[in-house]
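Beneath this line is the structure, given in structure tokens, with notes to follow.
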Amino acid sequence: MSTPDSRTGDGRSPIERKQLTFAEREANFSWQVLRILAEFVDGFEFLSKLRRSVTFFGSARPSEDDPYYQLARELARRLAEEQFPIVTGGGPGIMEAGNRGAVEGGGLSVGLNIELPLEQRFNPWVKQGMGFHYFFSRKFMLDYSAMAYVYFPGGYGTLDELFTVLTLIQTGKTDRGVPVILMGKDYWTPLTQWMKEQLLARRLIAPDDLDIWHCTDDIEEAVQVIRRAGERMDGGG
């Protein structure tokens with residue numbers, strides 16, 4: 001029968017082992033806090049020199065022959081030609097298309113990648129990149145760095161990013177003049193219509209909350225919206 005003074009195989013009593021477990025957990029927690037802090041410090045330093053950057057969001061799954069891949073690639077190229085740095089999550093699919101277009105347009109191509117159990121490497125078009133261990137620190141940096149946000153069709157991650165930015169703008173934490181562009185009417189219109197018919201109809205949002213974004217298929221329209229925001233930033237207005 002075990003007693004309070006019984007020893008385990010390593011010579012420690014149960015009480016000593018429990019104390020050690022608590023100490024290990026506390027040390028591990030402290031290490032995690034320091035690692036989170038380091039990611040934020042490194043992220044701010046990495047992005048501090050970026051100006052007028054545009055962040056692209058979208059699925060990692062589209063291949064090169066996907067129409068949305070080509071749309072993202074062309075929009076990124078056009079923006080890069082006008083000296084807008086392009087920031088993406090650094091992975092494949094829409095992210096790759098954005099970085100690729102930035103390079104083809106002679107602009108700055110930036111990737112903020114995430115470490116995953118199944119390794120996600122930087123796509124070959126990222127010219128400046130930083131990897132993150134934590135999703136939330138990467139997500140913050142993708143939002144923090146942007147003068148404009150462009151969303152292509154995507155899954156849970158893309159929708160999470162979209163509604164985070166919409167909430168920041170709705171609550172006044174981000175300027176309403178920051179462009180939020182939804183590229184692909186056939187994908188986004190059912191969602192925006194649902195927000196109108198459900199959220200607005202139930203008075204869960206205000207009418208002007210539906211004016212936060214621009215939904216389009218037109219590259220030139222998107223470029224013009226972002227260009228005007230850049231001009232306001234340059235003019236201090």
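The values are calculated or read from the model by the stated rules, or taken from the named source; none is laboratory data. Just so it is clear, the structure is predicted and the values come from calculations on it, not from any experiment. Backbone-built Cβ (ideal geometry, glycine too); neighbour counts: all protein chains shown. For accessibility, only protein heavy atoms count, side chains too; no ligands or nucleic acids. Shrake-Rupley method; radii C 1.70, N 1.55, O 1.52, S 1.80 Å.
Among the residues of segment 196-225, those that are more than 19 Å from Tyr68 (Cα to Cα) and in contact with a helix residue (DSSP H, G or I) (Cβ under 7 Å, 6 or more places away or on another chain) comprise Lys196, Leu200, Ile205, Pro207, Asp209, Leu210, Ile212. Summed over segment 220-231, residues that are under 16 Å from Arg73 (Cα atoms) and touching a Lys or Arg at 6+ places or on another chain (Cβ under 6 Å) total 1.
Please tell me if Gln32 is open to solvent by 80 Å² or more (accessible area, probe 1.4 Å), more than 16 Å from Pro153 (Cβ to Cβ) and more than 18 Å from the chain's Cα centre (by Cα). Judged against the criteria, Gln32 is not a match.
Are any of the residues in segment 182-205 in contact (Cβ under 8 Å) with a residue 60 or more places away in the chain and β-branched (Val, Ile, Thr)? Among the residues of segment 182-205, not one is in contact (Cβ under 8 Å) with a residue 60 or more places away in the chain and β-branched (Val, Ile, Thr), which makes the answer no. Going by what's in this entry, would Ser53 be described as hydroxyl-bearing (Ser, Thr, Tyr) and touching a strand residue (DSSP E or B) at 6+ places or on another chain (Cβ under 6 Å)? Spelling it out, Ser53 is indeed hydroxyl-bearing (Ser, Thr, Tyr) and touching a strand residue (DSSP E or B) at 6+ places or on another chain (Cβ under 6 Å).
Scanning segment 175-194 for residues that are open to solvent by less than 30 Å² (accessible area, probe 1.4 Å) and polar (S, T, N, Q) yields a total of 1. When we screen Gly91, Gly157, Gly129 for residues that are under 27 Å from Thr189 (Cβ atoms), in contact with a strand residue (DSSP E or B) (Cβ under 9 Å, 6 or more places away or on another chain) and surrounded by fewer than 19 Cβ atoms within 10 Å (Cβ to Cβ), the only hit is Gly157. Being of a type in the set (Val, Ile, Thr) and more than 19 Å from the chain's Cα centre (by Cα) is a description that does not apply to Thr164. Given the criteria open to solvent by less than 30 Å² (accessible area, probe 1.4 Å), farther than 21 Å from Met233 by Cα and of a type in the set (Ser, Thr, Tyr), does Ser137 qualify? Judged against the criteria, Ser137 is a match. The conditions of being within 15 Å of the chain's Cα centre (by Cα) and either of a type in the set (Asp, Glu) or at negative phi (or both) are not met by Gly101.
The helices (runs of 4 or more DSSP H) found entirely in segment 134-237 that carry 1 or more residues being of a type in the set (A, V, I, L, M) and under 22 Å from Ser53 (Cβ atoms) are 135-144, 156-170, 219-235. If the condition is being closer than 15 Å to Ala60 by Cβ and at pLDDT below 95, then segment 140-158 contributes Leu142, Gly157.
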